[in-house]
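See below for the structure under consideration.
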Amino acid sequence: MLKNLRTLFLALMVAVVPAGAMAAKKAEAVQAEAAAQQTAVVDINTASEAELATLTNIGEAKAREIVAYRKANGPFASVEDLAKVKGIGAATIEKNRARLTVGTAQGKKK
């Protein structure tokens, strides 16, 4: 009986340990992806709502407003033009400056 319990215990350990290791690796991968998103450069003229929402102090609602403003007014000529979107000020731009770019602003509506 003791031998059977020991065998069962060892079998369970073999099955559980790799699963735990795989879960840890998956968690590391998710953390690495999140870190990459938090440092990725965002072109405010082409970024999706999801990409814009990765910026500091920009949630889903504000990201929608940025996209709507861009559709209505054309591409941003500069990073500072982001302040033209209601609710986005200089402080938000400064917190995100290292991650912001405007790419090309050709075809801006007047």
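The values are calculated or read from the model by the stated rules, or taken from the named source; none is laboratory data. Here the structure is a predicted model, which is why all the values come from computation and not from measurement. Please note: Cβ atoms are built from the backbone with ideal geometry, for glycine as well, and neighbour counts cover all protein chains shown.
Search region 1-57 for residues being part of a helix (DSSP H, G or I) and either at pLDDT 95 or above or among the aromatic types (F, W, Y) (or both), and hand back the single one that is farthest from V79 (Cα to Cα). Explain how you work it out, then say what you get.
Let us first name the residues in region 1-57 that are part of a helix (DSSP H, G or I), namely 2-39, 49-52.
Filter again for either at pLDDT 95 or above or among the aromatic types (F, W, Y) (or both), leaving 9, 49-52.
Details: F9: 61, E49: 17, A50: 18, E51: 16, L52: 13 Å.
Going through the qualifying residues, I end up with F9.
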Looking at (1) in the same structural domain as A53 (by TED's automatic domain parsing); (2) at pLDDT below 95, find the lone condition where V79 falls short. (2)
Count, please, the residues in region 57-79 that happen to be under 24 Å from A98 (Cβ atoms), surrounded by fewer than 18 Cβ atoms within 10 Å (Cβ to Cβ) and among the basic types (K, R). 1
I need the full set of residues from region 73-89 which are in a helix (DSSP H, G or I), in contact with a Phe, Trp or Tyr (Cβ under 9 Å, 6 or more places away or on another chain) and within 14 Å of V42 (Cα to Cα), in order please. L82
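Residue check: is G103 modelled with pLDDT under 95 and either among the hydrophobic types (A, V, I, L, M, F, W, C) or in contact with a Ser or Thr (Cβ under 8 Å, 6 or more places away or on another chain) (or both)?
Details: modelled with pLDDT under 95: yes; either among the hydrophobic types (A, V, I, L, M, F, W, C) or in contact with a Ser or Thr (Cβ under 8 Å, 6 or more places away or on another chain) (or both): yes.
So G103 fits the description; yes.
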Checking R97, R64, R70 in turn, the sole residue that is outside any loop (DSSP other than H, G, I, E, B), touching a residue at least 24 places away in the same chain (Cβ under 8 Å) and out of contact with any Pro (no Cβ under 6 Å at 6 or more places or on another chain) turns out to be R70
